[in-house]
Structures are given as C-alpha cells and as structure tokens.
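Input: a single structure, listed below in structure tokens.
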Amino acid sequence: MSAYKLLEKNTICYHCGDAIVEETSPYQLDNHSFCCLGCQTVYQVLVQSDMQSYYRYNTHPGKSQKDAKVDLSYLDEPNIVQKLVDYQDEDRSIITLYIPAVHCSSCIWLLEHLYKLNDAVLASQVDFMKKQASITFKSRQLSLRGLVELLTQIGYEPKITLQDVVKQGKTINNNQLVAKIAVAGFCFGNSMMLSFPEYFGMDAFEKNYANFFGYMNLGFTVPTLLYSASDYFRSAWQSVKQRQLNLDVPLALGIFVIFLRTAVEVLSQTGPGFADTLCSLVFFILIGKWVQERTYHHISFERDYRSYFPVAVTVVGDGADQPVQIADLQVGDRIRVRNNEIVPADAILLKGRASIDFSFVTGESKVMSKSLGEIVYAGGRQVGEAIELEVVKPVSQSYLTKLWNNESFKQYEKKFDTFIGFISKYFTIGLVTIALAAATVWLVGGDPARAWGAFTAVLIIACPCALALSSPFTLSAALSILDRNKMYVKNTAAVEQMAAIDCIVFDKTGTISSPKSSTMLFEGSLSAYDRKLIHAVCRHSSHPLSREIVKWLSEDASLELTAFDEQVGKGIVAELDGHKLKVGSGNFVVGSIANQDGTAVYISVDGDLRGFFSLEQSWREGLSSVVHAFEEGYALHLLSGDNERRADALRVIFPQPSQLLFNQSPADKLYRVETWQDQGLQVCMLGDGLNDAGALKKADLGIAVSDDINNFSPGCDAILDGVSFDKLPRFFAFAKDAVKVIHMSFAISLAYNIIGLSFAVQGTMSPLFAAILMPISTVTVISFTSLATRWFARRNRLV
C-alpha cells in the first residue's frame, strides 16, 4: 500500500490531479509533487493564507495552471468596468461572475473564503447551480482586473463575454411558484388536520366545533383558490379563448367545483366539504409544475454570437496598446489578435503569420493561412503568434454578424403535440359529458339533490391530478438521468420530441469529428536520417503545424542548423549537415502542384520531394457503432460545410440510402432540413458551429455537440458533451421508453378514475373517499414513474 501511495504522489499533481510527465517533477513542496509552477504557486498561496484545508474536501480539487494566460488589460478601462459590475460606489463594488470551473464543495468553500486571500474582498457568495459568484470588494484597494487575476490564479477564471456587457438573458426567477407551493402546502396541512375528526368520527364535544372547523377549512381554500391555483384559471381561460383545450381546463374546472361544493356544504351546514382535497390537489400539481420547470440554469440554450465574442480587443496605438470595447471599434483601427483570440471584425492582415481556425463559423476544418494584405473575416480564431490587422468594416456589418442576422437563423416556432396535449383535447369533453349524463339521469329520476351530488362528484373525482403529474415526474426523472450521462436537455418536452424523431442529420466538423483529437498523416517515404533532418528544422519554427510535426517525429536528439529562413505564409528553407531542406506549401517547396491544401506541409531534401504531412481531425470514438445502431428505424444523413476530401471514408461508415452532402452553406443546411420535414420526417439535427445554427433551430430537435458545455454553442434543444457521443443511440432509446412510462402511468391514472367515477355517478362519494382515493392515485403514479424510469435507464445502461 505504501508503495502505491508513493507512486501516486510522484505521478499525480497534488493540486489538480493531472499526470506528471517526468518521473521526478522539478516542482516539489512540502513532500508534494506538482505538474507545473502555477499549481505549486496556488498551493503556496493557500498554505500562506492558512487555507490548506481546501484539499481536505476533495482529492486534487484544483484546476490546472498550465493554460496560457489571457490578456485582462481591458478590465482596467472604467467604461468597461461600469458595464460589468452590478453596483459601484466610491468604496465598494459588487459583481456577479460566471465561473465554469465550479464543480464541487471545495470550489464553494474556496470562493466563499476569498477574503482570506485578499483583504479587499468583503464577501463572496456562490450559486452552485448557476456556477456564479457574487463578490463584494473594495474598489479602491482592488481593481476588477486584480480580482479576476486573483480568481484566475487560484484556478477559477471567470468567463466574461460580450453578452455579459449587454446583460441579457440572466433573469430566471421561479420564487413566485415556490411561494404558491408554500401557501398551498400550509393550507393543505391545516385543513387535513381539521378534517381528521370528521373522518374518524366526532364525539359530543367535537361536534360542537364542527361548524367552526368547516369555516376554518373554507377559509384555507380561499388563498389556495385565488393565489396558488390562479395560474391554472388563467391558462384555462386562455385555452378556451383560443379553442385549444389543454389539461389546465379540467384541472381548473375540478378545482372550482371542489371549492363551490365545499362552500355550499359548509355555508348550508349540510356537510364538511372537500377543503383538504382541494388544497392537496393544488399542492401536488404545483409540485409537478415546479419539477417540470427545473432546467439547467447554468447552461444557456439560447445563445447568440455575442457569447462568442470577447468584451474587448487590443488596439495598437502610437504610444502603447489600448484595450477597446468591441462596440467602440472603428474602421481603420489597427488591432492586435493573440494566440487563441477571436478576430472581432473583418480586417486586413498587416503583420504576422495568420493561421485562422474558421471551423466554428464555416464548418471547414482546416486552419487557413492568410497572406499580408488579405482580408481576415470576423469569427476566425488565430492559432499561433500574435498578428496585427486593420479593421475594414464595423462589427455590426462584419461577416459573422451578417451570417447570424441572416433569415436562415431567425427563430422558428416548433410545433410539437405532446402526449398530454393530445389527451387534453378529448379529456375535458369526455369529463363534462359524463358529469352532465349522470346529472341528467338523476334529474329525470326525480332526485335533483343526487343530480347535483353526482355532477360535482364526477368533476371532482375525475380531476386529472395524477395525469398532470405523470408527465412532469417521468420526464424530469429522465432529464436527471440524461444529465448524469452528460446529455443536457432544455426541458421535458424535448425528451418527448426526441422519442418522436425518425431522421437524424449529422454535421461533420466538430460533430462527428473531434476538435480535440487530430491525426498527423504522412504520404511518401522518409528514412530515419530524413526524420532527424526534418525534426531539427521544424523545432525552430513556432508555426502550429511545425509543432505538430515535431510531436509526430518524436526524435530524441537534434542536429544543428547552419542556415534557417522562415518565409511568412510559405515555409522554411534550412541548411544542416550539408543538406538543404524546404518545408512548406506545395507551391513553395515544389513549385506548381495540384494539391493546394492549406494544411498540407511538403518536404524536400536537396530538391528531392519526400512527400507531405497532413493534419486530419479524428472521428469521434464510437462513430461507426453509433451510425450502425441508428440504421434500423432512422433515416441518416450528413450535412457538412467542409469539402469532400474524406467523403470515401464516410461512405463506408454511413449506410447506402444516406445522403452525404458537402460544401453546404447555412442556408443549404436549413433548406435540406425543411425538405426532409416536408416529406413527413421528424428531423433531429446534430451540429456545433454557427453554420449549423439555422438548421438546429429549424429541426424538430436540435442537439449541439460540444467538448466544453460552458463554451459558446448555437441555440438548441439539447447540448451533448462530446465524451458521451457514443451513447446517442441509448439516449434515443431511453427517450422512447420514457414516453412508454407516461402511457402506462396514464393507464394507471385512468383505472383510478374509473373506480372513482363508479361511485361519483351514483352521487354517493363521500369527502373521506375523495380524500383517500386522490392522494393514493397521485402517490401511485409518482412512485410508478420514478421506479419505471429508473428501470428503463438501467436497461439502457445509463445508470
């Protein structure tokens, strides 16, 4: 055991848990090993602040500090700070920051003890579900930039985007619903307590207070009816006005009739009424509504391009660089874009080697090299050294914003008839018909009192409480199981939509190919000596492809260069060990050549072409098995903005009838989805980039595939973490099973209703009978849905 512990200590970073590459890490402190200086520094800071108990809550709770530091100089600009903070006066500021790294109790503990790390922090409070921290700090002692740097230093870098400045889409408040549940619950408990003597028999003393108990119970029904149940009456009225009956109509009718009969019985002193039944009914259906409305508040399903943009960009001035808000960027401004930063506006390249990753916008997976004087469009991400550009169009008129504002990306209203929606159309009509028929029979028989009793009893006992609960509880249980498997569905209706899908359309770049995994391929022939020569040349270049080649060659020793000349946008000429090497584009190395591929790197030694390297993204793990699993029962298609260079490989993976369409624009993708929908298919679109946004919204179900769910993704119905891509067939099968559970729970609910109706139509239903039957049916349905959903999840290997 001790040997094992020693091994773990030496190979795993004590702070973040990352593997330590070297056998003996140079970063050692207090008998702990660290993967980098950053992690060691964070450990030191925590220990110096007497906060080492951070490591007691979780093993390796920290975040790796190896990532490149982000330029935060824009947070020194007063006009930007003013838009980001929630409150500011002369002494203090309050800001709410979104921190994606929050994931466990240690994170909460550390963030809420920030005041120990810096005296200027007065208080901090974490909302774990939303991954937000509200921090109050002394703005005279600590700037906003200093605060963000402090958070970044301890591994909790906030995510600040242009949408944070606009402050939209942040207000989600369901406190009112909770208050209504609380009122209904209070009234339910008290009315039930006051009803017990009536149910279990009163002695002479208690009978003196029977009327008083009745009035008290009637009093409890008033706030329940007027406040807690008000939404159902409002919804029912709207439904009737639009002549589209929903489930709220029989619910509202049932609630009102229960109140009416209770009031009549109590005021006329002819009975105790059904006060506890009314309060319990409203309490349970509000619980169901709350369960249904629970969504992932920390994940945004309705994002626009502003979430993709940073808040500011660096403008190159005469004296010094100046961070400027993107909204204030002017035509003619000279901007600096560093490694991994977004080009915010259409601009001309003035300086540096531009290698632009445009895959998120166009779907084209290859990194594009740009020459000096060439236009670089907004939305591309620079990979490599810093470049300087001159803005030629305002942000509002850039390619990216035009693309987003295109007609193709307009919001589409999705019309999907859920099972409850379908049933509701007929339930109300059937219920009222039975009630009227029962009343008519007793009226014809000359018993108007029993006619009134039968009419009201039918509306009370058949009130679809259990039916209203079956769908939210089943689908909410399904949501939590999908969530556990890293499939984040927007709402419960989307699970039913998933069950109805019969056509699945895949995007290629970033969806079925993994952005984090790429393969370097070499076509040609290299000797062992050639490998050493190429390694020696490429290791002196900072170009991303050169670094990939060095990684691929993995040579131990390197030769010394005698000459080295790297030409921007072309390649390298180098001399070593008596040989002349050329490494670069086809035109540069060999002259005229057919393949002008931007990511192909050609190699020649002493004028003799050895071949070329190419970088290809790998397919996601399990792609073949996913496609194979969908072959039966689904139409499968591929829509890609990329070119056809890997079409042959994809034709082997996809079944024969599938359409594989390449070079598709956003409008093309939207048109194809519409075409399949017109053929009567329920289409699911899986995509990841801006060029998929229109198709994702138009499809019956849009799923954004992302390798980091906190990063920007287009608006959609669900977000799938890339690591769970191979579980897709199981997710779809589970959605179908969840709908089966709803159908079965409806049958159970109907059985209870039939039993109750047999008494109700005779006008013999007592308050005790209603008080027992209705909660039992509710508990039965909730228990059944919870157990059955879990059983189906186990059968689909999701728990």
Just to be sure, is Ser640 surrounded by fewer than 16 Cβ atoms within 10 Å (Cβ to Cβ) and on the phi < 0 side of the Ramachandran plot?
no
Restricting the range 80-93 to residues that are open to solvent by 30 Å² or more (accessible area, probe 1.4 Å) and under 27 Å from the mean Cα position of the chain (by Cα), the one modelled with the highest pLDDT turns out to be Asp86
Candidate set from the range 39-65 (those that are open to solvent by 30 Å² or more (accessible area, probe 1.4 Å), of a type in the set (Ser, Thr, Tyr) and part of a helix (DSSP H, G or I)); member that is modelled with the lowest pLDDT:
Tyr57
Flagged in the range 20-38 as open to solvent by 70 Å² or more (accessible area, probe 1.4 Å) and at pLDDT below 75, in numbering order, are Val21, Glu22, Glu23, Thr24, Pro26, Leu37
Hey, can you tell me all the residues within the range 656-700 that are among the basic types (Lys, Arg) and open to solvent by less than 10 Å² (accessible area, probe 1.4 Å)?
Lys669
Restricted to the range 381-400, and to residues that are in a helix (DSSP H, G or I) and in contact with a Pro (Cβ under 9 Å, 6 or more places away or on another chain), which residue is modelled with the highest pLDDT?
Val395
Among the residues of the range 237-254, write down those that are assigned to a helix (DSSP H, G or I) and over 32 Å from the mean Cα position of the chain (by Cα).
Trp237, Val240, Lys241, Val249, Pro250, Leu251, Ala252, Leu253, Gly254
For the range 440-470, enumerate the residues that are under 18 Å from Glu293 (Cβ atoms), among the small types (Gly, Ala, Ser) and touching a Phe, Trp or Tyr at 6+ places or on another chain (Cβ under 7 Å).
Ser470
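A quick yes/no check of all residues on (1) more than 23 Å from Val489 (Cα to Cα); (2) assigned to a helix (DSSP H, G or I):
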site: Leu615; (1), (2): yes, no
site: Val652; (1), (2): yes, yes
site: Gln656; (1), (2): yes, no
site: Leu660; (1), (2): yes, no
site: Asn663; (1), (2): yes, no
site: Lys697; (1), (2): no, yes
site: Ala704; (1), (2): no, no
site: Asp708; (1), (2): no, no
Looking only at the range 655-662, decide whether some residue is closer than 30 Å to Asp577 by Cβ and among the aliphatic types (A, V, I, L, M).
no
Among (1) crowded, with 18+ Cβ neighbours inside 10 Å; (2) in contact with a helix residue (DSSP H, G or I) (Cβ under 6 Å, 6 or more places away or on another chain); (3) of a type outside the set (D, E, K, R), Leu609 falls short only on (1)
Can you tell me which residue among Asp577, Asp597 is modelled with pLDDT of 80 or more and of a type outside the set (A, V, I, L, M)?
Asp577
Between a first residue in the range 721-737 that is over 11 Å from Ser706 (Cβ atoms) and touching a residue at least 12 places away in the same chain (Cβ under 8 Å) and a second residue that is part of a helix (DSSP H, G or I) and among the polar types (S, T, N, Q), which pairs have beta carbons less than 7 Å apart while being 6 or more apart in sequence or on different chains?
Asp726/Ser625
If I go through the range 701-741 residue by residue, how many of them are more than 25 Å from Tyr308 (Cα to Cα) and open to solvent by 10 Å² or more (accessible area, probe 1.4 Å)?
8
Among residues of the range 553-569, those that are within 46 Å of the chain's Cα centre (by Cα), surrounded by fewer than 18 Cβ atoms within 10 Å (Cβ to Cβ) and modelled with pLDDT of 80 or more, counted
0
Across the range 617-650, what is the number of residues that are at pLDDT 90 or above, in a loop (DSSP other than H, G, I, E, B) and touching a strand residue (DSSP E or B) at 6+ places or on another chain (Cβ under 8 Å)?
1
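The values are calculated or read from the model by the stated rules, or taken from the named source; none is laboratory data. Nothing here was measured: the structure is a model prediction, and the numbers come from that model. Heads up, the Cβs are rebuilt from the backbone with ideal geometry, glycines too, and the neighbour counts pull from every protein chain shown. Keep in mind that these areas ignore ligands, DNA and RNA; they rest on the heavy atoms of the full protein, side chains included. Shrake-Rupley method; radii C 1.70, N 1.55, O 1.52, S 1.80 Å.
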